[in-house]
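These notes concern the structure reproduced below.
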Amino acid sequence: MKIHAIALVTVLCSGSAWAQEAPVGDAAAGEEHFGRQCVACHVVQDAAGEVLAGRNARVGPNLYGVIGRVAGSVEDYDYSELMETYGATGAVWEEANFVAYVQDPTGFLREATGETSGRSKMAYQVRDEQEAHDLYAYLATFSPEGGAAAEGEAATE
């Protein structure tokens, strides 16, 4: 009987973990926030060079495929030492760490790496947690694993 209970708990917990994979935020609201807050420094540009969001800004790294990508891994972008340290841990951008990061970039990286000094290059902070979730949901639409990129591939198959 205990084995069945353990199996049931395992299945229920696994199901709730899968259910949490869908972004909590509103992608349409995230698009609006991105257009107001993020375009000054970031662009979303696919591998073919098409700008999907933003105005071709290059202060921050390209955010195409950021969701599910190892932190600090855009080739040829000069990340802060803190971000490089964080990325070296193999950390992948998921909703929890993304939301925490955009709300306090330097504080998040210091806590995540255990470093007591250094700064993130991202000076802007998303003050509202819901807006951070919305931005995550919007950027998830540009993820090769799902969202706009996968939908475009499915349409051409």
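Nothing in this text is a laboratory measurement; each read-out follows from the coordinates by a stated rule. Model, not experiment: these values are computed from the prediction. When we count neighbours, we look across all protein chains shown, and the Cβ atoms used for this are built from the backbone with ideal geometry, even at glycine.
Put simply, the Cα atoms of the range 24-156 extend 48, 30, 24 Å along their principal axes, the longest span coming first.
The range 44-89: which trypsin sites (Lys or Arg not before Pro) are DSSP loop and have at most 13 other beta-carbon atoms within 10 angstrom? Working shown, then result.
On the way: sites: R55, R58, R69; in loops: R55, R58, R69.
Filter output for the range 44-89: R55, R58.
Between N56 and D104, the modelled label-to-label distance comes to 3.8 nm, taking each label 7 Å out from Cα in the direction of the beta carbon. For the range 111-135 versus the range 42-110, the inter-centroid distance based on Cα atoms is 11 Å. Taking amide H as placed 1.01 Å from N in the peptide plane, the amide H of V92 sits under 5 Å from that of A71, each at least 5 places away or on another chain. In a fully extended conformation the segment linking D128 and A48 would gain 25.5 nm over its present Cα-Cα distance, using 0.36 nm per residue.
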